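Below: one structure, written as structure tokens.
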Amino acid sequence: MAATAVIHHRETSSPVPDDQPNIANAADVNSAWGGRYAAGPSAIMQAINASIGFDRKMWRQDIRGSLAHAAMLAHVGIISADDEAAIREGLTAIGAEIEAGGFPFSEALEDIHMNIEARLTERIGEAGKRLHTARSRNDQVALDVRLWTRDAIDGLDAQVADVMRAFAERAAEHAGTVMPGFTHLQPAQPTTFGHHLLAYVEMLSRDRGRLADCRARLNESPLGAAALCGTGFPIDRHMTAEALGFDRPTRNSLDSVASRDFALEFLSACAICATHLSRFAEEVVIWTNPYFNFVKLSDAFTTGSSIMPQKRNPDAAELVRAKPGRITGALVGLLTVMKGLPLTYGKDMQEDKEGIFDAAENLALALAATAGMVRDLQPVVGRMQEAAGAGFSTATDLADWLVRELKLPFRDAHHATGRLVAKAEGMGVDLAGLTITEMQAVEPRITDGVFGVLSVAASVRSRTSHGGTAPGNVAAMAKDWLERLA
């Protein structure tokens with residue numbers, strides 16, 4: 001069963017008509033702004049400024065960060081042990097409240113950070129107001145996004161590993177199942193279905209590597225950078241970093257709140273992985289077409305037509321094929337947001353989250369669908385073997401034989417083989433259909449031994465070089481991958 005990524009479906013803020021923002025009383029002023037503001041924002045300002053409709057997804061990460069921050073503040077003596085205990089109890093209760101669906105999210109409070117802090121103060125009083133000492137929403141949101149992205153990476157990594165397992169299992173099953181190999185989507189050389197599937201295992205293994213690299217680089221804690229310049233309070237950033245599972249705190253407070261390259265790297269890794277899945281999805285679309293008829297998918301991953309009763313549409317594959325569009329769009333969107341921002345924080349960076357959330361959620365769906373299709377599909381072995389011999393696919397084997405047995409330079413062998421292909425094509429036969437006399441008219445030294453290399457099975461068996469398509473190679477590589485993924 002595919003592992004479940006740490007992804008949650010999009011949540012919305014308090015229900016309001018689609019054409020009207022959810023506006024609190026204009027006289028209400030966000031308490032985060034303090035005494036500087038005497039009047040509330042306009043309706044449009046509040047609507048464009050609020051992010052609670054999407055950043056509420058980070059409530060778990062926000063609470064984790066606040067718990068670590070409060071514990072550190074008490075440890076260094078900035079707040080009392082009693083205040084820390086009250087904060088811990090209050091945040092734990094708020095987490096349970098959100099989990100149960102009973103938390104009163106407010107758009108007037110803008111974001112998940114202020115929603116939780118306001119609720120905390122409502123529950124525990126003065127102690128709740130002490131939580132924000134020595135931090136800013138700038139380092140708080142940077143922390144939450146890093147934590148959320150790290151959790152998402154862990155979930156996606158498990159899913160990618162599961163898809164790799166699915167491919168490797170089917171590759172082991174079909175190590176010797178012959179199929180055509182293509183270049184330019186034209187018949188090229190015979191290969192095996194197992195070898196073809198293992199190509200995707202290799203691609204996905206690099207995707208896991210990219211996610212792991214991204215995780216390693218983002219695994220530094222920005223908490224304590226405060227608004228941009230750090231803080232004069234005697235905080236212990238190493239303590240909070242360790243408590244939250246980071247390798248270390250970030251080393252520059254400006255960079256800590258200004259940078260989202262970890263998010264860009266994450267989106268890039270997601271886009272590349274989605275592109276790999278899309279390539280396989282496109283092949284499923286091609287292979288299930290009756291004119292190819294290489295594989296069949298069951299009812300579980302196909303749909304019918306509202307008007308054509310005979311149709312079996314590979315909709316799961318088509319939807320996976322579409323996912324790179326929105327995931328790559330999220331990457332380009334965030335690159336565009338970040339490209340002209342001066343240091344440090346700008347509210348533009350509020351636009352980072354929806355793309356990250358959407359990309360992770362949709363990659364998780366694409367991975368689950370791909371794992372399902374790989375395990376579901378049934379190769380039409382006879383049809384693939386028949387197609388593997390079409391288009392003079394053993395021509396390279398003939399050229400190699402001329403080099404190996406007759407010691408022809410490869411370019412001369414290539415030319416002679418081309419002439420033999422043209423002769424066979426003109427006669428309406430494949431290469432093995434030519435007589436020895438007809439072959440010798442092109443190259444007099446050819447012997448009957450040439451017929452031993454012209455079959456599809458012989459061609460596939462001969463590809464024993466490291467990484468080649470020979471069934472023994474494929475079986476060994478599939479076994480190796482399954483052991484590594486166990």
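Rounded if a/c is under 1.5, else prolate if a/b beats b/c, else oblate: with a ≥ b ≥ c from the C-alpha gyration tensor eigenvalues square-rooted, which is region 180-284? The partial results should precede the final answer.
Values: a/c = 5.94, a/b = 3.46, b/c = 1.72.
Prolate is the answer for region 180-284, as a/c is 1.5 or above and a/b outweighs b/c.
Averaging Cα coordinates gives a centre for region 172-237 and one for region 271-345; these two points are 18 Å apart.
Taking R0 as 60 Å, what's the FRET efficiency between Ala486 and Ala458 from their Cβ-Cβ distance, rounded to 0.05?
Numbers: r = 34 Å, r/R0 = 0.57.
Calculated transfer efficiency: 0.95.
Computed from backbone phi, the HN-Hα couplings of region 439-456 come to 5, 5, 5, 8, 9, x, 7, 4, 10, 4, x, 4, 5, x, 10, 8, 7, 4 Hz, rounded to whole numbers (Karplus: 6.51 cos²θ - 1.76 cosθ + 1.60, θ = phi - 60°; Gly and Pro given as x). With a Förster radius of 60 Å applied to the beta-carbon distance between Lys296 and Thr92, the computed FRET efficiency rounds to 0.70. Derived value for region 43-131: Kirkwood hydrodynamic radius 13.4 Å. Basis is the mean of 1/r over every pair of different alpha-carbon atoms.
Can you compute the FRET efficiency between Arg445 and Arg383 using 1/(1 + (r/R0)^6), with r the Cβ-Cβ distance and R0 = 41 Å? Round to the nearest 0.05.
On the way: r = 37 Å, r/R0 = 0.91.
Step by step, r from the Cβ atoms, then E = 0.65.
To the nearest 10 degrees, how steeply does helix 59-75 sit against the main Cα axis of the chain, on a 0 to 90 scale? Approximately 50 degrees, to the nearest ten.
Simple spin-label estimate for Asp412 and Asp213 gives 4.6 nm between the two label positions (7 Å along the Cα-to-Cβ direction from each Cα). Stokes-Einstein D for region 254-395 at 20 °C, 1.002 mPa s, Kirkwood Rh over Cα pairs, in µm²/s? D = 122 µm²/s.
Counting pairs of Cα atoms in region 357-430, how many percent are more than 17 Å apart?
Values: 1763 of 2701 pairs.
Beyond 17 Å sits 65 percent of the P(r) for region 357-430.
For the chain, the longest principal axis of the Cα atoms and the long axis of helix 81-99 meet at an angle of about 50 degrees. Extending 7 Å from Cα along the Cβ direction at Arg419 and again at Glu405 yields two label points whose distance is 1.7 nm.
Where the only charges are on Cβ atoms (+1 Lys, Arg; -1 Asp, Glu), what is the dipole of region 43-131 about its Cα centre, to the nearest 20 debye? List each step's numbers first, then the result.
Numbers: 9 positive and 14 negative charges, 35 e Å.
Computed about the Cα centre, the dipole is about 160 debye.
Across all C-alpha atoms in region 392-485, the radius of gyration and Dmax reach 16.0, 54 Å. Region 410-472 and region 83-144 have Cα centres lying 74 Å from one another. Note on the chain: Lys pairs 8 or more places apart or on different chains, Cα atoms under 19 Å apart, count 6.
Taking amide hydrogens as placed 1.01 Å from N in the peptide plane, the amide H of Met179 sits under 5 Å from those of Thr191, Thr192, Phe193, each at least 5 positions away in sequence or on another chain.
Applying the Karplus relation 6.51 cos²θ - 1.76 cosθ + 1.60 with θ = phi - 60° to region 384-389 yields 3J(HN,Hα) values of 5, 5, 4, 5, 5, x Hz, where x marks Gly and Pro.
Leaving ligands, DNA and RNA out of it, report the carbon-plus-sulfur percent of the accessible area of region 43-131 at a 1.4 Å probe. Walk me through the numbers before you get to the answer.
Numbers: 1860 of 3510 Å².
Here carbon and sulfur together make up 53 percent of the probe-accessible area.
Pull out the extension gain between Ile436 and Ser306, defined as 0.36 nm times the separation in residues minus the alpha carbon to alpha carbon distance; nm, one decimal. Could the numbers behind the result be given before it?
Values: separation 130, 0.36 × 130 = 46.80 nm, distance 5.64 nm.
Gain in length upon complete extension: 41.2 nm.
Projected label points at Ala188 and Ser42, each 7 Å from Cα along the beta carbon direction, are separated by 5.9 nanometres. Rg to Rh ratio, region 207-251, alpha-carbon atoms and Kirkwood radius? Here Rg/Rh amounts to 1.09.
Amide H to amide H distances under 5 Å link Lys296 with Gln378, Val380, where only residues 5 or more positions off or on other chains count and H is placed in the peptide plane. Over every Cα atom in the chain, the radius of gyration and the widest Cα-Cα span, Dmax, amount to 30.5, 100 Å. Residue by residue, region 210-219 carries 3J(HN,Hα) couplings of 5, 5, 5, 4, 4, 4, 5, 6, 7, 7 Hz when phi is fed to the Karplus relation 6.51 cos²θ - 1.76 cosθ + 1.60 (θ = phi - 60°); x denotes Gly or Pro. Residue separation of Ala199 and Thr275 scaled by 0.36 nm, minus their Cα-Cα distance, works out to 26.0 nm of gained length.
If you take the Cα Rg of region 233-334 and divide it by 2.2 N^0.38 Å, with N the number of residues, what do you get? Each step should come with its number before you reach the end.
Numbers: Rg = 22.6 Å, N = 102, 2.2 N^0.38 = 12.8 Å.
Dividing the Cα radius of gyration by 2.2 N^0.38 Å gives 1.77.
The values are calculated or read from the model by the stated rules, or taken from the named source; none is laboratory data. Just so you know, these numbers come straight off a predicted model, no measurement behind them. Glycine gets a Cβ as well: all are built from the backbone with ideal geometry, and neighbour counts include every protein chain shown. Remember, those area values only see protein heavy atoms, side chains included, never the ligands or the DNA or RNA. Shrake-Rupley method; radii C 1.70, N 1.55, O 1.52, S 1.80 Å.
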